[in-house]
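Only one structure is covered here, and it is reproduced in the block below.
What follows draws every value from the coordinates through simple rules; no lab data is involved. Owing to the predicted nature of the structure, the values given are computational and were not obtained by experimental measurement. Methodologically, a virtual Cβ is constructed for each residue, glycine included, from the backbone with ideal geometry; neighbour enumeration extends over all protein chains shown.
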Amino acid sequence: MTVQPIEKVAGTMAPLDRADVDTDQIIPKQFLKRIERTGYGPFLFFDWRREPDFFLNQSRFDGAAVLVAGANFGCGSSREHAPWAIRDAGFRAVIAPSFGDIFRANAFKTGILAVELSASQVQHLIDLANEEPSARLEIDVRAQEVRGEGFAYRFELDPFIKHMLVNGLDEIGLVEQHGAAIGSYEQHRPAWLPSVR
Amino acid sequence: MTPEEPGRTLAQKLWDAHVVPGGSSAEDEPDLLYVDLHLVHEVTSPQAFEGLRMAGRKVRRPDLTVATMDHNVPTRGGLRAADELSRKQMEVLRENCEREGIPLHQIGSRRQGIVHVIGPELGLTQPGMLIVCGDSHTSTHGAFGALAFGIGTSEVELVLATQCLPQRRLRDLAVTVDGDLPIGVTAKDVVLGVIAVTGTSGGVGHLVEYRGSTIRALSMEGRMTVCNMSIEWGAKAGMIAPDDTTFAYLEKRPHAPKAAAWQRALDYWRSLPTDETAAFDEEIRIDARKLTPYVTWGTNPGQVVPVTGRVPQPHSDTDARALRYMDLQPGTAIADIAIDRVFIGSCTNARLEDLRAAAAVIQGRHVHPKVRALVVPGSTSVKRAAEDEGLDLLFKSAGFEWRSAGCSMCLGMNPDILAPGERCASTSNRNFEGRQGAGGRTHLMSPPMAAAAAITGHLVDVRELV
């Protein structure tokens, strides 16, 4: 499997000033019946899109690369369809004060940066996006910085995830390199552990 | 362990036992953990199998992988009510399992059921194991003293291919609940009471151990209910140390160790509980005597109040939005909220004990004429056992619909959904907007509370009925 390296994401923002955005909102269940990995973009925030002033219905946010949202973004289910839908709708990153653990892991595996900034920094970005939708951000993975005109915010990033992102590594291939160690662990598993057969 | 050596928590012991030595080469690489059991269902697996096939990979350990159909199965029996996409998804799982040699408990088979109900039933869930599944409620299995957590589809593919997962160590959090539970207060109320304290994200980045005399006194079913909802406050996993209650549940189950292996396993399992000298990073203490039956009023599980309480004043935009969505006014007594539907089911509360507890409330009474009430057993085995003791007749004669096993109206991927604006008393785990059907309104509660609501037609303190 080939994975595209990601060193930088640049573009405009779309603000979603809500906390605890759960994966049921990001992509409702009726769209989890598909067996493909792509094509989820039109269903992103499917129910919230019915609100006329929802950001996806405002043309000034068209083409945004970065979704900026409230705390605990992506809480709830393990559905990787959530970052798939975000990616398919054209986003390359989500910035929030915090994320659900499973969503964050899924996002990085989908090639979506899940970037944590402080609540006040996120609020600044949300205000900026609302006041000036053409304002551009650059997220620099190597430098671990979110930069815009007149500001640079540093963010934490797991060194392993960073290594995977900037080198475009396939995690399965990486783990397979430890095949001998895995085989040796298997030799020493206790005999009472169940088999499904 | 020498006296100077600090003890380890249950979570640390489980973690250490699953680290593959030499499984991470660089210093800042995460631990490589070995998975003992991988549970698979139809919704989060098709893209993982597809990825394997495209890369020419095979499932490394089909003997440690088991599949079931649960999320979108129809509960009226057979495949009749399944839509085309659901049928296709189930068919794809069947093909994938056949090709890879993975046992499948498919729809119509006697062991089919919700993935988190059948694992324990079959004795596949055991203390000391590392269990994963492409489903956030995998934390349920932690009730046995296992490390169990939900993963995404890419991770499902990774585990299928390698049986391993690179993972960073997390912080240890103890939730200590002590004291006798008051009458009418269940395991569901314990975990809702925890979430009332922590909010929906208090557990993020943590492995949680539930402990204390209240937890020790819970049955395995009750412990599963508590661990199940760990993800609802953001925890990566929830777990409870194994003890005689655990061992009694497990012994003689189909996949439990037998004879000499049972003795050896037992010796190991008894070494798992947290050492007295071990330290947690954080601890939350709850006095069980202060817990009451809880009901959620909003659109996340942290928006919860005692059933004797009132809809609160909004403290945030999230609260205000939830009030609008739920069509509720602050100050309204919870008991004044009328309902349209009742759902007794889900991986949280659809085991035999849950159905018995709901049935006990009925006592010859009938479902309110304005209410439509559904009972969906968690597995085909639970359904059979309930029917053996006549619970199906009891529910049916009281006006409940008695269905076949599946996730059903917990997430409404099958035809069991709320209509827009309908209000439901539900024993499930999530009250998110639209969770049970677009525009539907969900109030989470225990099985006895849901049964009581079915009878009275409004949210009600079950203690007034028994």
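Of the beta bridges in the protein assembly as shown, as assigned by DSSP with both residues counted there, near 30 percent are antiparallel. For the protein assembly as shown, the square roots a ≥ b ≥ c of the C-alpha gyration tensor eigenvalues yield an a/c under 1.5, which makes the shape rounded. Listing B:Ile339, A:Ile6, B:Ile344 from fewest to most neighbouring C-beta atoms within 10 Å gives A:Ile6, B:Ile339, B:Ile344.
Find which of B:Leu291, B:Val305, B:Ile344 sits farthest along the positive direction of the dipole of the range B:268-369, computed with +1 on the beta-carbon of Lys and Arg, -1 on that of Asp and Glu, about the Cα centre. Looking along the dipole axis, the top candidate is B:Ile344. P(r) tail, the range B:353-435: Cα-Cα pairs separated by more than 19 Å, 39% of all pairs. Cα gyration tensor of the range B:7-88, axes a ≥ b ≥ c as square roots of the eigenvalues: rounded (a/c below 1.5), prolate (a/b > b/c) or oblate? The shape class here is prolate.
Could you give log10 I(q)/I(0) at q = 0.22, 0.26, 0.27 Å⁻¹ for the range A:80-128, computed by the Debye formula over C-alpha point scatterers of equal weight, without solvent? Cα-only, vacuum Debye calculation for the range A:80-128: -0.75, -0.93, -0.96.
In terms of other Cβ atoms within 10 Å, B:Trp297, B:Trp15 run from fewest to most in the order B:Trp15, B:Trp297. Relative to the globular-protein estimate of 2.2 N^0.38 Å, the Cα radius of gyration of the range B:141-183 stands at 1.75. Over chain B, dividing the summed -39,500 (n - 2.57) contributions of all DSSP H runs of at least 4 residues by the number of residues returns a 222 nm mean residue ellipticity of -9000 deg cm²/dmol. The length gained by stretching the chain between B:Lys88 and B:Asp287 to full extension, at 0.36 nm per residue less their Cα-Cα distance, is 66.8 nm. Mean per-residue shielding of peptide B:149-159 is 6, counting Cβ atoms of other chains within 10 Å of each Cβ. Amide hydrogen proximity for A:Ser77: with H placed 1.01 Å from N in the peptide plane, the residues at 5 or more positions away or on another chain lying under 5 Å are A:Thr23, A:Asp24.
Each Lys and Arg contributes +1 and each Asp and Glu -1, all at the Cβ; summed about the Cα centre of the range A:48-197, the dipole is approximately 420 debye. Across the range B:46-181, the volume of the C-alpha convex hull divided among the residues equals 144 Å³ per residue.
Give the shape of the range B:218-341 as rounded, prolate or oblate, defined through the alpha-carbon gyration tensor: a ≥ b ≥ c are the square roots of its eigenvalues, a/c under 1.5 means rounded, and otherwise the shape is prolate if a/b is larger than b/c and oblate if not. Here the range B:218-341 falls in the prolate category.
Compared with the dominant principal axis of the Cα atoms in chain B, helix B:84-100 is inclined by about 20°. Per the Debye calculation on the range B:339-397 with a single equal scatterer at every Cα and no solvent contribution, log₁₀ I(q)/I(0) for q = 0.21, 0.24, 0.26, 0.30 Å⁻¹ amounts to -0.79, -1.01, -1.15, -1.38.
For the peptide A:22-29, the mean number of other protein chain Cβ atoms found within 10 angstrom of a residue's Cβ is 6. When the Gaussian network model of chain A links Cα atoms closer than 10 Å, the mean-square fluctuations of A:Phe103, A:Phe73, A:Phe54 top out at A:Phe54. Model label sites at A:Ser118 and A:His188, defined 7 Å from Cα along the beta-carbon direction, differ in position by 4.6 nm. Helix B:153-162 versus the longest principal axis of chain B: what is the Cα-based angle in degrees, 0 to 90, to the nearest 10? Between helix and principal axis, roughly 30 degrees. The order of the peptides A:128-135, A:94-101 by mean Cβ neighbours within 10 Å, most packed first, is A:94-101, A:128-135.
Spatial offset of the range A:106-157 relative to the range B:315-374 amounts to 41 Å, using the alpha carbon center of each. Just going by the charge dipole of the range B:1-140, with Lys and Arg at +1 and Asp and Glu at -1 on Cβ, which of B:Pro21, B:Phe49, B:Gly134 is farthest out on the positive end? Checking the options against the dipole of the range B:1-140, the answer is B:Phe49.
Rounded to the nearest angstrom and listed largest first, the equivalent-ellipsoid semi-axes of the range B:192-268 from its Cα gyration tensor are 29, 13, 10. Across the range A:72-158, Cα pairs under 8 Å and at least six residues apart give a relative contact order of 23 percent.
Dimensions of chain B along the principal axes, based on C-alpha atoms and rounded to the nearest Å, stand at 62, 54, 47, largest first. Counting Cβ atoms of other protein chains within 10 Å of each Cβ in A:163-176 and taking the mean gives 4. Counting DSSP beta bridges in chain B, what percent are antiparallel, to the nearest 5? Antiparallel: roughly 25 percent of the beta bridges in chain B. Residue order for B:His368, B:His141, fewest other beta carbons within 10 angstrom first, comes to B:His368, B:His141. Taking the Cα centre of the range B:387-466 as origin and assigning +1 to Lys and Arg Cβ atoms and -1 to Asp and Glu Cβ atoms, the resulting dipole is close to 360 debye. Placing +1 on the Cβ of every Lys and Arg and -1 on the Cβ of every Asp and Glu, with no other charges, gives the range A:1-41 a dipole of roughly 240 debye about its Cα centre.
Relative to the longest principal axis of the Cα atoms of chain B, helix B:352-362 runs at roughly 10 degrees.
The mean sequence distance of close C-alpha pairs (under 8 Å, at least 6 residues apart), as a share of the length of chain B, puts its relative contact order at 17 percent.
Going through the cross-link list A:Lys8/A:Lys109; A:Lys109/A:Lys162; A:Lys29/B:Lys88; A:Lys8/A:Lys162; B:Lys188/B:Lys236; A:Lys33/B:Lys236, which pairs have a Cα-Cα distance over 21 Å in this structure? Distance filter (> 21 Å) returns A:Lys33/B:Lys236. In this structure, the amide hydrogen of B:Arg310, modeled 1.01 Å from its nitrogen in the peptide plane, lies closer than 5 angstrom to those of B:Ile334, counting only residues at least 5 positions away or on a different chain. Annotation note: trypsin sites (Lys or Arg not before Pro) in the range B:231-317 located in DSSP loop regions with a Cβ neighbour count of at most 14 within 10 Å are B:Lys252, B:Lys258, B:Arg270. Sorting the segments A:141-154, B:46-59, B:174-187, B:144-157 by their mean number of nearby beta carbons within 10 angstrom, highest to lowest, gives B:144-157, B:174-187, B:46-59, A:141-154. Taking every alpha-carbon pair within chain A, the share separated by more than 24 Å comes to 44 percent.
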